Each structure stands twice: as structure tokens, then as C-alpha cells.
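K.L.:
What follows is a single structure, and I will ask about it in a moment.
The values are calculated or read from the model by the stated rules, or taken from the named source; none is laboratory data. Being a predicted model, the structure only gives us computed values, none of them experimental. We place every Cβ from the backbone using ideal geometry, glycine too, and count neighbours over all the protein chains shown.
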Amino acid sequence: MDKIYSIKSGYVFREIAGEFLVVPVTPDDGVKGMMILNPVSALLWQMLQSGKTVEELLKGVTSEFDVADDEARADILDFLAQLDNLGLLKTDKN
């Protein structure tokens, strides 16, 4: 059974002047202030809005960026771990 990952509610994603920003809607959320995402993280964040498996995230990253599967998978797992540590990630079973 694959896990489905998604972003918890309470965060707004915006692209402003070429920068990808995530801002908490309420001050008591896990993140204090805004986060600036790189292009890969921004793509992952957008994909995670609707809930995705690691394989779906991998397919999205490798179709948009010139990166090997193993490197992309490691980056995805690292990003998911960071989101989880910040309390931003929701996990469900498929």
C-alpha cells in the first residue's frame, strides 16, 4: 500500500517576482513567517496540494527537470521529511 502525502491546510502558496513563497494563514501554524521554495520544492508543494504518492511526485519532477530518478527520489524524500518535521505534512494510506 502506497502512502499518499499532502500539505495540511492553513498555508498559502504564491509566486511573486519569480520567487516561490509559502505563508502560514494563522500565526499558530508550524512555520513562523514565510518560506521561500526553490523550483523543485515549489513543484512538489503544488503537487502535494491534491495528495500524491512518492511515485507520482517522482514522475512529476523527472518530467519537469533533467534529473536522474534516484537523485530525484532522494530529494523528494528529503523534502517530505522536512515538511513532516515542520508539521506541514499529512499522510494517508492508499
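K.L.:
It is to be established whether one or more residues within region 30-42 are closer than 17 Å to THR91 by Cβ, at pLDDT below 95 and touching a strand residue (DSSP E or B) at 6+ places or on another chain (Cβ under 9 Å).
P.N.:
yes
K.L.:
Determine which member of the set LEU57, LEU80, LEU44, LEU48 is in contact (Cβ under 8 Å) with a residue 60 or more places away in the chain, within 23 Å of VAL12 (Cα to Cα) and surrounded by 14 or more Cβ atoms within 10 Å (Cβ to Cβ).
P.N.:
LEU80
K.L.:
May I ask you to verify whether TYR11 is modelled with pLDDT of 95 or more, within 16 Å of LEU89 (Cβ to Cβ), of a type in the set (Ser, Thr, Tyr) and under 12 Å from the mean Cα position of the chain (by Cα)?
P.N.:
Against the criterion (modelled with pLDDT of 95 or more, within 16 Å of LEU89 (Cβ to Cβ), of a type in the set (Ser, Thr, Tyr) and under 12 Å from the mean Cα position of the chain (by Cα)), TYR11 does not qualify.
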